[in-house]
Amino acid sequence: MVKIKVLMVDDEERFRTTTAKILARKGYETILAGSGEEALEQLDAKPDVVILDVKMGGLDGHETLKIIKKRMPDLPVIMLTGHGDMPGAKKALDTGAFDYLAKPCDVDLLSTKIQDAYDYATKAPYVEKLAKGIMIPLDEYTQIPLDSTVRDAIKALEKSMRHLMATDRLMDTGHRSVVVTKHDGSVAGILSPLDLVDAIRPGYLSAPKPSMADSLQYSTMFWQGLFTSRVKEIMNNPVRDIMSDIIPVIDADANLMEVANTMITLPARRMLVRAGKEDVGIVREQEVFYEIAKIISSS
């Protein structure tokens, strides 16, 4: 695969560096600029795509965009606008921006837009991918060993997300689940937010009711404080007791229609991707959605 060179322009240092690290993990080469003026100097590095913040001190995003399009009219520029700033987004598109994203922006969506912009600029035709082409690699997920507790899982997740808490302008929304691994590194299960929510419910809610009590309804008026007490009860429980240990598996070379059909017929919101006997990634409904959007956008 071609390594796409991205020029990231934003006057907030933590946002620049955080985004650069994430994009590097996704396989992009990133050049950083802290101002419009610096961005224009970095054009000599011949970036493939520019990510440009609208609001910056000095030369703002709109003025920088105008100059970029004069110098390099074929260079695609993705603008980062404020949430709800439709006039600013329209102005950017009228000036020649390839697309725009509102802040805070989703990392996976940003990555998809970068690829779309590159494909558009290079006139690369859309080539339908396989499961391995849209999956999230396993090493990008938070992982814990099978003998961990629920508390261990939460600590690991907090640690992996800590670098993203440095700014409120970036969202890594897709990786809230924790992968639970066996000693050989294979996947034993996944601890999802829904698994945790289900685990804190008192046992009697899921227990079968006596036949003579089919109409029995539990009163919620006595549940105040139960949420907190149940969380504290389960936090030291083994994660293996509440994780989802039955994970649908899809072959790495499966085509996208097979991925989509399997998700719907099971149903499943995420599936483990396996190449031979090796667990290599996870494909989620988000990745399928982005591929649908990409096909529509390019048509």
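The values are calculated or read from the model by the stated rules, or taken from the named source; none is laboratory data. Fair warning: this is a prediction, and the values are worked out from it, not measured in the lab. Cβ placement follows ideal geometry from the backbone for every residue including glycine, while neighbour counts extend to all protein chains displayed. SASA here: full protein model, heavy atoms, side chains in, ligands and nucleic acids out. Shrake-Rupley method; radii C 1.70, N 1.55, O 1.52, S 1.80 Å.
Miscellaneous remarks
- A crude spin-label estimate for the pair Glu12 and Val249, with each label 7 Å from Cα along the Cβ direction, gives 4.3 nm.
- Pairwise FRET efficiency - Glu41 versus Thr265, Cβ, R0 = 51 Å, nearest 0.05: 0.40
- Debye log10 I(q)/I(0) for region 5-117, one point scatterer per Cα, at q = 0.16, 0.22 Å⁻¹: -0.63, -1.31
- Between Lys129 and Leu146, the distance separating the two model label sites (each 7 Å from Cα on the Cα→Cβ line) works out to 3.1 nm.
- Highest-fluctuation residue, Gly82, Gly58, Gly281 considered, GNM on the chain with Cα pairs under 10 Å: Gly58
- Surface composition of region 29-130: carbon and sulfur make up 54 percent of the accessible area, probe 1.4 Å.
- Per principal axis, descending, Cα span of region 53-128 in whole Å: 40, 29, 18
- Spin-label model, Arg201/Glu158: points 7 Å from Cα along the beta carbon direction are separated by 2.7 nm.
- For region 1-67, alpha-carbon Rg and Dmax in angstrom: 11.4, 37
- Sequence ranges 132-144, 250-262, ranked by mean other-Cβ count within 10 angstrom, highest first: 132-144, 250-262
- Beta bridges per DSSP with both ends in the chain, % antiparallel, nearest 5: 35
- Taking 22 Å as the limit for the C-alpha separation, the pairs Lys132/Lys277; Lys26/Lys132; Lys21/Lys129; Lys26/Lys129 exceed it in the case of Lys21/Lys129.
- Chymotrypsin sites (Phe, Trp or Tyr not before Pro) restricted to region 103-136 and DSSP loop, no more than 13 other C-beta within 10 Å: Tyr126
- Surface per residue (accessible, 1.4 Å probe) for region 215-296, Å²: 66
- Gyration tensor (alpha-carbon) shape descriptor, the chain, a/c threshold 1.5: prolate
- Met72/Ile292 FRET efficiency (R0 22 Å; Cβ-Cβ; nearest 0.05): 0.10
- Treating r as the C-beta distance of Ser229 and Ala102 and R0 as 35 Å, the FRET efficiency rounds to 0.35.
- Mean projected area in nm² (Cα convex hull; one quarter of hull surface) for region 237-291: 4.5
- Hits among lysines - C-alpha to C-alpha of Lys232 under 25 Å, sequence gap 8 or more where chains match: Lys155, Lys159
- Folded to 0 to 90 degrees: helix 86-95 orientation relative to the chain principal axis, Cα: 40
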